[in-house]
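Asker: Have a look at this one.
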Amino acid sequence: MTNTNEVDVCVVGLGPTGQAVAHRALSAGLTVTAIDPRPDRLWGPTYSCWIDELPGWLPRRVIASRIDKPTVHANAEHRIDRPYAVLSKPLLRAAMPIDGATVIAGRAARVEGHLVETADGRTVRAAAVIDARGLPPTQNRPAASAHGIFVDADRAAGFVGAGEGLLLDWRDENGAGPDEPPSFLYAVPIGDGTVIFEETSLGLHGGMSQKELRRRTVNRLAAHGIALTGDEPSEAAHYPLDQAPPRRRHRNQPIPFGSRGGMMHPCTGYSVADSLALADTLIDALQTGDDAVRKLWTTNARLVYWMRMRGLNGLGRLTTPQSRAMFESFFTASPRGQAALLSQHDDAIGLAAVLVSTVAHTWPFHWRFDLVGWTNRHRWDQSARL
């Protein structure tokens, strides 16, 4: 069967990023077709962000859990004076309706700049095709790997209570040995009566195994008197961190957007808030006939990405004590410096300043050589496990 449609925008992939693009395109008066193998599925991962990252068009009711001052444990405890949120997946989806779009349940087999063909033979022609299908396989690329366990809030209250959150916990409680790659704990209430405790590895080539991450999560919980029954739900994550922005768009190529289009933060693994915030930039470019890739990826934005990749490479070769020392240095930086690394899309000057400061204040002095790659460049390459 072959159906040919002429629309303004065809969005391939209806995760949060694709849904946002389709929603904003419809809001701008464009005609939209969206393609996804399971368009009605509820998104799987837990999505979080800094509240100030959310675009103005998104209602704040999508916030399921608010943490006014999340905690970081490096060499000392730090309270970050910047509100943080866990998003409600059902409410986020409901806040981005695409009722006016034509939605095709199918797998895209061919994706070009103005044409998409599904595996069952349907064809969509569009003025612009947006590829929001997410990331390709990790293989041996620097990766984010995480294993999360959901614990009832009342049982977790002695460790992480209501309104509290651990953004990064580098304390020696996960049972990792000195010759093993480092990982940290991320723990936040998610707004449904549970707290997710998620051991996370960033920057390790090939990632860290779910078995090892679960072992470390269980050790963390046991250190705080939380015994598991084995019936607790869990969540797994494993994806590459080095998906680069498109260099430039050719006429026969789709516009990659979201994590597929370089919006996965190389140093944190976050992508949803940045993608939501940039959806209108994309739609505005389509309406005015501007080069969307150039509008999304200005010179400063590309420079920010390049510097963050240097940070990712450094993070991926540190030991646990070195990671603590580096984050101790970073979280004494100014609010602008912290935001420039953690979330700002194009603050190249702020990011350059905080990276230099972080390296300069990481102690002992010789650990800086590992951070910048002069020594132990391939420290964990043989330790990566899929």
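Each value in this text was obtained by applying a stated rule to the coordinates, not by laboratory testing. All values reported here derive from a predicted model rather than from experimental measurement. For neighbour counting, all protein chains shown are included, and Cβ atoms are generated from backbone atoms with ideal geometry for every residue, glycine included.
Asker: Could you derive backbone 3J(HN,Hα) for the range 310-317 from the dihedral phi with the Karplus parameters 6.51, -1.76 and 1.60 (θ = phi - 60°), listing whole Hz in sequence and x where the residue is Gly or Pro?
Answerer: 5, x, 4, 4, x, 4, x, 10
Asker: What length, rounded to one decimal in nm, is gained on full extension from HIS361 through to GLN139, with 0.36 nm per residue of separation minus their alpha-carbon distance?
Answerer: Stretched fully, the HIS361-GLN139 segment lengthens by 76.5 nm.
Asker: State the Cα centre-to-centre distance between the range 355-370 and the range 94-151 in whole Å.
Answerer: 40
Asker: Here's another thing I want to ask about it. By how many nm would the segment from GLU77 to THR229 grow when fully extended, if each residue of separation counts as 0.36 nm and the alpha-carbon distance is taken off?
Answerer: So the chain would gain 51.7 nm between GLU77 and THR229.
Asker: Mind running the shape call on the range 2-65? Use the C-alpha gyration tensor, a ≥ b ≥ c as the square roots of the eigenvalues: rounded below 1.5 for a/c, prolate if a/b tops b/c, oblate otherwise.
Answerer: oblate
Asker: At 222 nm, what value in deg cm²/dmol follows for the chain if DSSP H runs of at least 4 each add -39500 (n - 2.57) and the sum is divided by all its residues, to the nearest 500?
Answerer: -9000 deg cm²/dmol
Asker: Mind listing the phi-derived Karplus ³J(HN,Hα) values for the range 9-16, rounded to whole Hz, using 6.51, -1.76 and 1.60 with θ = phi - 60°, and x for any glycine or proline?
Answerer: 9, 10, 9, 9, x, 10, x, x
Asker: Treat the chain as a sphere of radius equal to its Kirkwood radius over Cα pairs and apply Stokes-Einstein at 10 °C in a medium of 1.306 mPa s; give the translational diffusion coefficient in µm²/s, rounded to a whole number.
Answerer: It comes out at roughly 73 µm²/s.
Asker: Right, something else. Which whole-angstrom value gives the distance between the alpha carbon centres of the range 276-319 and the range 76-92?
Answerer: 23
Asker: How big is the gap, in Å, between the Cα center of the range 153-182 and the Cα center of the range 201-230?
Answerer: About 10 Å separates the Cα centre of the range 153-182 from the one of the range 201-230.
Asker: Once you have the Cα-Cα distance between HIS114 and ARG214, take 0.36 nm times their residue separation minus that, and quote the gain in nm to one decimal.
Answerer: 31.6 nm
Asker: Another question, then. If you place +1 on the Cβ of every Lys and Arg and -1 on the Cβ of every Asp and Glu, how big does the dipole about the Cα centre of the range 300-383 come out, in debye to the nearest 20?
Answerer: Computed charge dipole of the range 300-383: roughly 140 debye.
Asker: Beyond 16 Å, what share of the Cα-Cα pairs of the range 282-386 is found? Please give it as a whole percent.
Answerer: 63
Asker: Using modelled amide H (1.01 Å from N, peptide plane; none on Pro or chain starts), what sits under 5 Å from the amide H of SER271, excluding residues fewer than 5 places away?
Answerer: The list, which skips near neighbours in sequence, is HIS265.
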